[in-house]
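The values are calculated or read from the model by the stated rules, or taken from the named source; none is laboratory data. All values reported here derive from a predicted model rather than from experimental measurement. All Cβ positions, glycine included, derive from the backbone under ideal geometry; neighbour counts span all protein chains shown.
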Amino acid sequence: MTAQSVQARQRRGPVLVAGAGGFIGGHLVARLLAEGRRVRAVDIKPFDAWYQRHPAADNQRADLALREECRRAAQGVDDVYNLAADMGGIGFIEHNKAACMLSVLINTHLLLAAREHDVGRYFYASSACVYPAYRQDDARVEALREDMAYPAQPEDGYGWEKLFAERMCRHFAEDFGLTVRIARFHNVYGPHGSWDDGREKAPAALCRKVARALRDGADAIELWGDGTRTRSFMYVDDCVEGIRRIMDSDVDHPLNLGTGELVTVTELARLIEKTAGVRLEHRHDLSAPQGVHGRNSDNTRIRALLDWEPLVPLSQGLEPTYAWIAQQVANADAAAPGA
């Protein structure tokens with residue numbers, strides 16, 4: 001991808017960001033607006049529930065599981081970014097498998113609308129949850145390459161929906177000539193996202209627990225599991241940069257979008273505690289959802305094809321993340337009755 005090709009694409013017409021009221025969607029809208037793009041930002045949530053709402057965008061509420069709503073949303077746009085899905089952290093996806101799978105309606109109807117309106121490019125936000133469980137049964141797991149998705153055994157519910165949606169994107173490209181780009185996200189974190197509504201992921205949940213422990217003068221926090229399971233985590237700015245690079249690239253197959261910085265849950269908690277300037281005892285809930293034993297991103301392909309990979313260290317990205325979540329905890333306390 002050359003600078004000239006990026007500039008050429010930045011001169012294109014309006015773009016649709018589906019799921020714009022979500023965590024990553026809000027950051028992507030901000031980036032596209034900064035590039036001078038006209039953005040139609042669409043989400044099912046009420047406006048006051050959007051994590052970010054940018055006045056410069058054409059903000060709309062719509063249920064994109066419905067075909068007519070997708071037709072309206074995609075009319076007149078050149079590019080579609082599909083980040084819309086009913087999802088959350090492991091606590092949500094393990095208890096809402098049917099809801100997660102129903103997100104296939106969003107991708108199905110957006111693809112049909114993109115074909116109908118002759119959209120230039122279509123980006124699909126997939127997930128590392130497409131990778132088979134049998135490749136993630138050890139905490140020090142081999143980093144996951146893109147060609148490891150098959151034979152398939154993805155995360156039940158959410159992972160199956162993502163893998164099926166990838167195939168649908170592929171076949172729309174093959175059968176109808178739609179230009180499709182796909183990224184497999186690996187554990188995205190950062191400010192302006194879910195932190196206390198049951199959909200939060202591990203970094204946000206642990207930031208909240210540490211902030212509340214400091215507020216309450218507590219000496220311990222609860223960790224789900226025994227703390228030995230491993231993950232890599234990608235800061236949201238790196239995610240948005242990767243989305244833009246993948247969208248403007250010539251790569252027509254799924255790419256991992258994540259870091260290779262593998263840490264245990266205990267190590268993640270300790271990094272957050274260090275950011276907050278505290279050291280806490282860990283109490284383990286072994287009955288809580290934990291997901292696969294280990295998951296890490298192999299970035300060989302994205303480095304080779306895009307000459308780039310996510311590079312923000314976890315310790316660096318946790319600083320603004322913790323600061324934002326600690327402020328949300330303080331704001332919630334101030335707004336509580338009797339405060």
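No other residue among ALA183, ALA173, ALA165 is surrounded by fewer than 23 Cβ atoms within 10 Å (Cβ to Cβ) and in contact (Cβ under 8 Å) with a residue 60 or more places away in the chain apart from ALA173. Can we say ALA202 is buried (at least 16 other Cβ atoms within 10 Å of the Cβ), at pLDDT 95 or above and either out of contact with any Cys (no Cβ under 9 Å at 6 or more places or on another chain) or basic (Lys, Arg) (or both)? In short, yes. All told, PRO254 meets the bar of being in contact (Cβ under 8 Å) with a residue 12 or more places away in the chain and touching a Lys or Arg at 6+ places or on another chain (Cβ under 7 Å). Give the residues of the range 91-104 that are surrounded by fewer than 18 Cβ atoms within 10 Å (Cβ to Cβ) and part of a helix (DSSP H, G or I), sorted by residue number. Result: LYS97, ALA98, ALA99, VAL104.
Give the residues of the range 205-234 that are assigned to a strand (DSSP E or B) and either surrounded by fewer than 22 Cβ atoms within 10 Å (Cβ to Cβ) or out of contact with any Pro (no Cβ under 7 Å at 6 or more places or on another chain) (or both), sorted by residue number. Selection gives ALA220, ILE221, GLU222, LEU223, TRP224, THR230, ARG231, SER232.
In the range 13-56, the residue that is farthest from ALA84 (Cα to Cα) out of those that are in a loop (DSSP other than H, G, I, E, B) and among the small types (Gly, Ala, Ser) is GLY36.
Restricting attention to the range 33-63, the residues being buried (at least 24 other Cβ atoms within 10 Å of the Cβ) and of a type in the set (A, V, I, L, M) number 3.
Within the range 286-339, the only residue that satisfies the criterion of being hydroxyl-bearing (Ser, Thr, Tyr) and either part of a loop (DSSP other than H, G, I, E, B) or touching an Asp or Glu at 6+ places or on another chain (Cβ under 6 Å) (or both) is SER287. The residue of the range 240-277 that is nearest to ALA204 (Cα to Cα), among those that are hydroxyl-bearing (Ser, Thr, Tyr) and in a loop (DSSP other than H, G, I, E, B), is THR259.
Whether a residue is touching a residue at least 24 places away in the same chain (Cβ under 8 Å) and among the polar types (S, T, N, Q) was assessed, and SER232 passes this test.
All of VAL292, VAL312 fail the test of being over 22 Å from MET148 (Cβ atoms) and β-branched (Val, Ile, Thr), apart from VAL312.
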